[in-house]
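Note sheet for the following structure.
The values are calculated or read from the model by the stated rules, or taken from the named source; none is laboratory data. Because the structure is a prediction, the values reported are computed rather than measured. Virtual Cβ from ideal backbone geometry, glycine too; neighbours counted across all protein chains shown.
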Amino acid sequence: MTVRRIKLRRGTTTEWQNSNPALNQGEVGIEFTGSVIRMKAGDGFTSWNDLAYIDDAGLNILRQEYGDEVTFELGLATTLN
């Protein structure tokens, strides 16, 4: 089995706020501030500073759509092979 690595766009709070990009539809951005990690998902046109953070409710929606972390990773590995 070949293992593939997926890297998401990431940066500090300051880096995201200063560059303020519009994430592509479905693109995930990761924000690191100390030990706190937060995420936003793009819609194709809204700038970073105007996007809402994905909270626990949003993560639960993703889990319902794609499964939990284990089933998602298993499904992803199957898809990539």
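Among ASN24, ASN18, ASN49, which is over 22 Å from ILE61 (Cβ atoms), in contact (Cβ under 8 Å) with a residue 12 or more places away in the chain and either of a type in the set (Val, Ile, Thr) or exposed (fewer than 15 other Cβ atoms within 10 Å of the Cβ) (or both)? Explain how you work it out, then say what you get.
Values: ASN24 fails: over 22 Å from ILE61 (Cβ atoms); ASN18 fails: in contact (Cβ under 8 Å) with a residue 12 or more places away in the chain.
The match here is ASN49.
Mind counting the residues in region 1-20 that are part of a loop (DSSP other than H, G, I, E, B) and either among the charged types (D, E, K, R) or in contact with a His (Cβ under 9 Å, 6 or more places away or on another chain) (or both)?
Residues meeting the conditions: 3.
How many residues are of a type outside the set (Asp, Glu) and assigned to a strand (DSSP E or B) if we restrict to region 21-53? Break it down into steps so the answer makes sense when it comes.
Here is the first cut: in region 21-53, the ones of a type outside the set (Asp, Glu) are 21-26, 28-30, 32-42, 44-49, 51-53.
Cutting the leftovers down to assigned to a strand (DSSP E or B) gives us 22, 28-30, 32-33, 36-41, 47.
Counting residues in region 21-53 that are of a type outside the set (Asp, Glu) and assigned to a strand (DSSP E or B) gives 13.
Determine if region 58-71 includes at least one residue that is modelled with pLDDT of 90 or more and in contact with a helix residue (DSSP H, G or I) (Cβ under 7 Å, 6 or more places away or on another chain). Before the answer, list the steps.
Taking region 58-71 as the starting set, the residues that turn out to be modelled with pLDDT of 90 or more are none.
Taking every residue of region 58-71 in turn, none turns out to be modelled with pLDDT of 90 or more and in contact with a helix residue (DSSP H, G or I) (Cβ under 7 Å, 6 or more places away or on another chain).
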